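Colleague: Take this structure first; my questions come after.
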Amino acid sequence: AQSKARKDEL
Amino acid sequence: MNVFRFAGDMTHLISILVLLLKIYTTKSCSGISLKTQELYAVVFVTRYLDLVTDFISVYNTVMKVVFISSSLAIVWCIRRHKVVRRSYDKELDTFRHWLLVGACAVLALVVHEKFSFQEVCWAFSIYLEAVAILPQLVLLQRSGNVDNLTGQYVFFLGAYRAFYILNWIYRYYSEQHFTRWISCVSGIVQTALYADFFYYYFISWKNNSKLQLPA
C-alpha cells in the first residue's frame, strides 16, 4: 500500500 | 485520483496534442525549442522507470507510454524529419540545457526521498521538469512574434502544473500521510517560471493582439 500511494502521480 | 489531478493530466495531454498538431499541420517546428523537447524526453524516461515494474492502473500506464513516446517522437521529428528539421531555429535555440541537467543531477543526489537509483532518478526528473521550459521561453523572447499553436502549447504546459498544485493541496487535507515536498516545491517553481508568459498571454488575449514577449 505504501509503495502504491507513493508514486501514483504522473 | 481527484479532479485537479485529472484536469492537470488532461491539460498536459492537450499541450502535447497541440504541439503535435502544430508540427503535423504546418510541417514546421519554428518557434519550438529542441532543447526543451530533449529535456522533456529525459524527464519522462527518468521518471517512469517503474513503467514495467510497478503497475498502478491502466490509466497510469497508458499515460506514461503516451508521454514517453510523444516526447521521443517530437525530438525525432525536429532532429530527423526531412521537412520539419529545416524550420528548426538552430541559431536561436542556444540555451546550454546540459547545464540544467547537471545542476538537477547534483541536486537530486543531495535532496531525494530515499537514496536508491529509482528515487534519485525520480527526484532528478522532478527538478528537471521545473526548469525544462527555460530554453523554450528564451527562444520565444528571441523569436519575437509567437504563432498561436506555439503560444497555446506553452500555455497548457504551464497550466497543467498549476492544477497539480491544487491536487497536492487537496491531497494534503484529504489524506493523512500525504506530504510530497519535492514535487510541491518544484511544482511551484515550475509554475512561477511561467508567470510572465501567462501575463503577456493574457494581455494578448484581452487585446486580441499577437502574443509578443519583450526581448
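Colleague: Tell me, which helices (runs of 4 or more DSSP H) lie completely within region B:112-185 with 3 or more residues that are within 14 Å of chain A (Cβ to nearest Cβ) and in contact (Cβ under 8 Å) with a residue 24 or more places away in the chain?
Modeller: B:117-131, B:148-174
Colleague: Going through region B:58-70 one residue at a time, which ones are touching a residue at least 40 places away in the same chain (Cβ under 8 Å) and not aromatic (Phe, Trp, Tyr)?
Modeller: Those that are touching a residue at least 40 places away in the same chain (Cβ under 8 Å) and not aromatic (Phe, Trp, Tyr): B:MET63, B:VAL66, B:SER70.
Colleague: Exactly one condition in (1) surrounded by fewer than 19 Cβ atoms within 10 Å (Cβ to Cβ); (2) not in a loop (DSSP other than H, G, I, E, B) is not met by B:TYR201; state its number.
Modeller: Here B:TYR201 meets the rest and fails (1).
Colleague: Here are the criteria: (1) part of a helix (DSSP H, G or I); (2) in contact with a helix residue (DSSP H, G or I) (Cβ under 7 Å, 6 or more places away or on another chain); (3) surrounded by 21 or more Cβ atoms within 10 Å (Cβ to Cβ); (4) not charged (D, E, K, R). Tell me which single one B:ALA105 does not satisfy.
Modeller: (3)
Colleague: Would you please name the residue that is nearest to the chain's Cα centre (by Cα), looking only at residues in region B:52-63 that are hydrophobic (A, V, I, L, M, F, W, C) and within 21 Å of B:SER15 (Cβ to Cβ)?
Modeller: If we take residues in region B:52-63 being hydrophobic (A, V, I, L, M, F, W, C) and within 21 Å of B:SER15 (Cβ to Cβ), then B:MET63 is nearest to the chain's Cα centre (by Cα).
Colleague: What is the residue count in region B:71-85 for residues that are surrounded by fewer than 13 Cβ atoms within 10 Å (Cβ to Cβ) and in contact (Cβ under 8 Å) with a residue 24 or more places away in the chain?
Modeller: Number satisfying all stated conditions: 1.
Colleague: Which one of B:LEU213, B:LEU157, B:LEU193, B:LEU166 is modelled with pLDDT under 95 and aliphatic (A, V, I, L, M)?
Modeller: B:LEU213
Colleague: Something else: Kindly provide the set of residues from region B:204-215 that are in a loop (DSSP other than H, G, I, E, B) and farther than 13 Å from B:GLN152 by Cα, ordered by number.
Modeller: B:ASN207, B:ASN208, B:SER209, B:LEU213, B:PRO214, B:ALA215
Colleague: Turning to a different aspect of this structure: How many residues does region B:49-83 hold that are more than 11 Å from chain A (Cβ to nearest Cβ) and either small (Gly, Ala, Ser) or on the phi > 0 side of the Ramachandran plot (or both)?
Modeller: Of the residues in region B:49-83, 4 are more than 11 Å from chain A (Cβ to nearest Cβ) and either small (Gly, Ala, Ser) or on the phi > 0 side of the Ramachandran plot (or both).
Colleague: Which one is farthest from A:GLU9 (Cα to Cα), of the residues in region B:142-186 that are of a type in the set (D, E, K, R) and surrounded by 13 or more Cβ atoms within 10 Å (Cβ to Cβ)?
Modeller: Per the stated criteria, the residue is B:ARG142.
The values are calculated or read from the model by the stated rules, or taken from the named source; none is laboratory data. All of these numbers come straight from a predicted model, not from anything done at the bench. When we count neighbours, we look across all protein chains shown, and the Cβ atoms used for this are built from the backbone with ideal geometry, even at glycine.
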